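This report refers to the structure that appears directly beneath it.
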Amino acid sequence: MASTLLLVVVFVFDLVAFALAVAAEQRRASARIAQDTNSRYCVYESDIATGLGVGALLFLLLSQFLVMFATRCMCCGRALSPGRSRALAVFLFITCWVTFIIAEACLLAGSVRNAYHTKYRSVLSANPPSCETLRKGVFGAGAAFVVFTGIVSEFYYVFYSKSDEGVIPTRENGIRMGAFN
């Protein structure tokens, strides 16, 4: 039977990761060009989105770790009983890892890119500096995949638990091997 406590904890971690990713999308760094006596340079606003993105990444990582630890990553432990639940568990296991990797990549890339600031100045007569910022939607895509990962991982855990409850039937007929004397 699936542990309700684990399902609730994983749901809460995924919800926190989603909220942090959405907050990071809303608080992306923005820049403006400032002018000094003989040069122009970029001035960036607060860089809190990087911390929010890393926080979302860590909560999602913790959620994935809990589910994989509870299911022994599907590769350790006894074999699952054959049937529909095992087939769905295998499919959801693969899907869970794919969506997890995409979500982590979006959150990590968004955090790194948001933290990057151009550090050069330009002379007044030259072209203004390029104040590069994070493209809109990177943390949003991460947040969407956090939701997908949360849903898929919870279904994976439920179907894994269903297929883990059954016992593998032993066959009584057929050729048996005897002891060699």
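The values are calculated or read from the model by the stated rules, or taken from the named source; none is laboratory data. Since this is a predicted model, take the numbers as computed values, not measurements. Backbone-built Cβ (ideal geometry, glycine too); neighbour counts: all protein chains shown. These accessible areas exclude ligands, DNA and RNA; they are computed on the full protein's heavy atoms, side chains included. Shrake-Rupley method; radii C 1.70, N 1.55, O 1.52, S 1.80 Å.
Overview of values
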read-out: Efficiency of FRET from Cβ geometry, Glu132 and Val12, R₀ 30 Å, rounded to 0.05; value: 0.25
read-out: FRET efficiency for Ala19 and Ser39, using Cβ-Cβ distance with R0 set to 41 Å, rounded to 0.05; value: 0.50
read-out: Full-stretch length increase - Arg84, Asp47 - with 0.36 nm per residue and alpha-carbon distance subtracted; value: 8.5 nm
read-out: Sequence-separation-based contact order of the stretch 37-114, relative, with Cα cut under 8 Å and 6+ spacing, percent; value: 63 percent
read-out: Apportionment of accessible area to carbon and sulfur, the stretch 1-144, percent (1.4 Å); value: 67 percent
read-out: Accessible area per residue, Å², the stretch 6-92 with all protein chains present, probe 1.4 Å; value: 56 Å²
read-out: Dipole of the stretch 1-101, positive direction: furthest Cα of Pro82, Leu58, Ala70, with charges on the beta-carbon; value: Pro82
read-out: The stretch 138-152 residues near the modelled Val112 label - backbone nitrogen below 16 Å, point 7 Å along Cα→Cβ; value: 138-139, 142
